[in-house]
1. So in the stretch 16-42, with the set limited to residues that are within 19 Å of the chain's Cα centre (by Cα) and without any contact (Cβ under 8 Å) to a residue 40 or more places away in the chain, which one is farthest from residue 72 (Cα to Cα)?
2. Of the conditions (1) modelled with pLDDT of 95 or more; (2) more than 16 Å from the chain's Cα centre (by Cα), residue 99 fails just one. Which one is it?
3. Which number in (1) within 25 Å of residue 5 (Cα to Cα); (2) within 17 Å of the chain's Cα centre (by Cα); (3) touching a residue at least 24 places away in the same chain (Cβ under 8 Å) marks the one condition that residue 94 misses?
4. Out of (1) on the phi > 0 side of the Ramachandran plot; (2) in a helix (DSSP H, G or I), what's the single condition that is false for residue 113?
5. Quick check on the stretch 147-179: of everything there that is over 19 Å from residue 11 (Cα atoms) and out of contact with any helix residue (DSSP H, G or I) (no Cβ under 6 Å at 6 or more places or on another chain), which residue is surrounded by the fewest Cβ atoms within 10 Å (Cβ to Cβ)?
6. Any residue that is surrounded by 18 or more Cβ atoms within 10 Å (Cβ to Cβ), at pLDDT 95 or above and under 23 Å from residue 148 (Cβ atoms) - is there at least one of those in the stretch 53-61?
7. Which residues, taken from the stretch 126-179, are without any contact (Cβ under 8 Å) to a residue 60 or more places away in the chain, more than 14 Å from the chain's Cα centre (by Cα), assigned to a helix (DSSP H, G or I) and within 18 Å of residue 99 (Cα to Cα)?
8. For the stretch 1-43, which residues satisfy the criterion of being outside any helix (DSSP H, G or I) and closer than 21 Å to residue 147 by Cβ?
């Protein structure tokens, strides 16, 4: 992945999220409040994270436990299926957290050793904030439900967050074309 693409993609994601929070109509608010326990969101986010993680397991090299990859694949696939069946609460939030952690690797790899481009730190900073949130929400996924309750209790909070995310997304999109 090029540094331009690695900066542009988080910029687009932040821009879309920012616009969703800025618009803040009742359908968006209801959907976001329902996201932590949504079965559809669980299938999309946790299912996507499961597939991505299992693909990473399947492509392990011999130096990285590759000789045990079939056992690891079956074990982690079993854990994922068991999670869908026995622990469905807040699985969408955990899936989002896992996707963020998995997506951080190619984004940070693109910026690695690119010292001639100090503007890459705008993207790297956003990715590290995302990693921190993913670790926190992966450990306590009910906090996202609480955050949405607090955020949407007044319209100014969601609009302020939406404005910040929109501006930061536009900044990252602009920075992406400076390399």
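1. Among those residues, the one meeting the criterion is 28.
2. (2)
3. (1)
4. Going through the list (1) on the phi > 0 side of the Ramachandran plot; (2) in a helix (DSSP H, G or I), residue 113 breaks only (2).
5. Only one residue tops the list, namely 156.
6. Residues of the stretch 53-61 that are surrounded by 18 or more Cβ atoms within 10 Å (Cβ to Cβ), as a first pass: 53, 57.
Checking which are at pLDDT 95 or above leaves us with 53.
Now narrow it down to the ones that are under 23 Å from residue 148 (Cβ atoms): none.
Within the stretch 53-61, not a single residue is surrounded by 18 or more Cβ atoms within 10 Å (Cβ to Cβ), at pLDDT 95 or above and under 23 Å from residue 148 (Cβ atoms).
7. Matches in the stretch 126-179: 139, 143.
8. Going residue by residue through the stretch 1-43, those that are outside any helix (DSSP H, G or I) are 1-2, 24-25, 38.
Within the stretch 1-43, 24, 25, 38 meet the criteria.
The values are calculated or read from the model by the stated rules, or taken from the named source; none is laboratory data. No experiment lies behind these values; they were computed from the predicted model shown. Here Cβ is always computed from backbone atoms with ideal geometry, including for glycine, and neighbour counts include all displayed protein chains.
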